[in-house]
Amino acid sequence: MKTDFTFRFDRYASKSEMPDDEQQLVEQAELACATAHAPYSNFHVGAAALLESGRVVIGSNQESEVYPAGICAERNLLFHHQALSPDDRIVKLAIASDPSLRECYPCGICRQVLVDVEKRQGRSIRVIMSGAGTATAVDSTKDLLPFTFEL
């Protein structure tokens with residue numbers, strides 16, 4: 001039996017089309033790119049998350065000479081946040097990159113960790129993937145990874 005999987009997403013042709021809070025979150029993710037340590041790939045990624053309390057936390061990718069010991073911006077943010085304030089749930093998470101030649105999408109490992117955090121906090125996380133002046137957003141991390149790993 002064949003089954004279809006469909007999902008909804010928001011597509012923004014420019015940042016100005018986005019809601020103000022999401023524009024600001026993307027700007028925070030863009031600023032977070034400056035804190036990346038990416039001497040090998042020269043691909044700086046920043047992530048910013050809006051929490052229920054209204055606070056914004058950021059993360060950036062960090063590379064290591066002993067590849068693959070580095071970490072993506074999204075997981076850097078998520079693990080740091082979960083260690084310090086897991087009860088302040090994530091509402092939205094934006095991703096940006098420098099250079100920004102196209103929208104920046106999370107890798108497979110980050111998608112799984114995003115799903116794990118969403119499940120643990122019992123609340124959907126809106127993910128905004130930005131770049132080259134455009135953005136795509138989904139209302140749940142499960143839209144990025146419909147077949148998740150579960151124990």
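The values are calculated or read from the model by the stated rules, or taken from the named source; none is laboratory data. Nothing here was measured: the structure is a model prediction, and the numbers come from that model. Cβ coordinates were reconstructed from backbone atoms using ideal geometry, including for glycine residues, and neighbour counts include every protein chain displayed. For the accessible areas, the whole protein counts, side chains as well, though only heavy atoms, and no ligand, DNA or RNA atoms are used. Shrake-Rupley method; radii C 1.70, N 1.55, O 1.52, S 1.80 Å.
Summary table below
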| item | result |
| --- | --- |
| Near pairs, Cβ below 6 angstrom, 6+ apart or cross-chain, from the stretch 77-90 (without any contact (Cβ under 8 Å) to a residue 60 or more places away in the chain and within 18 Å of S60 (Cα to Cα)) to any residue that is in a helix (DSSP H, G or I) and among the β-branched types (V, I, T) | L78/V113; L78/V117 |
| Filter result for the condition that a residue is without any contact (Cβ under 8 Å) to a residue 12 or more places away in the chain, loosely packed, with under 14 Cβ neighbours inside 10 Å and farther than 16 Å from R111 by Cα, over A69, A13 | A69 |
| Residues satisfying the stated conditions in the stretch 72-105, i.e. in a strand (DSSP E or B), of a type in the set (A, V, I, L, M) and either farther than 15 Å from V127 by Cα or open to solvent by 20 Å² or more (accessible area, probe 1.4 Å) (or both) | V91 |
| Any hit, the stretch 112-123, residues being modelled with pLDDT of 95 or more, surrounded by 19 or more Cβ atoms within 10 Å (Cβ to Cβ) and part of a strand (DSSP E or B) | no |
| Criterion: touching a Pro at 6+ places or on another chain (Cβ under 9 Å) and modelled with pLDDT of 95 or more - qualifying residue of E52, E30, E22, E63 | E63 |
| Check on A69, of a type in the set (A, V, I, L, M, F, W, C) and under 22 Å from E103 (Cβ atoms) | no |
| Positions within the stretch 24-54 being open to solvent by less than 40 Å² (accessible area, probe 1.4 Å) and assigned to a helix (DSSP H, G or I), in sequence order | L25, V26, A29, A32, C33 |
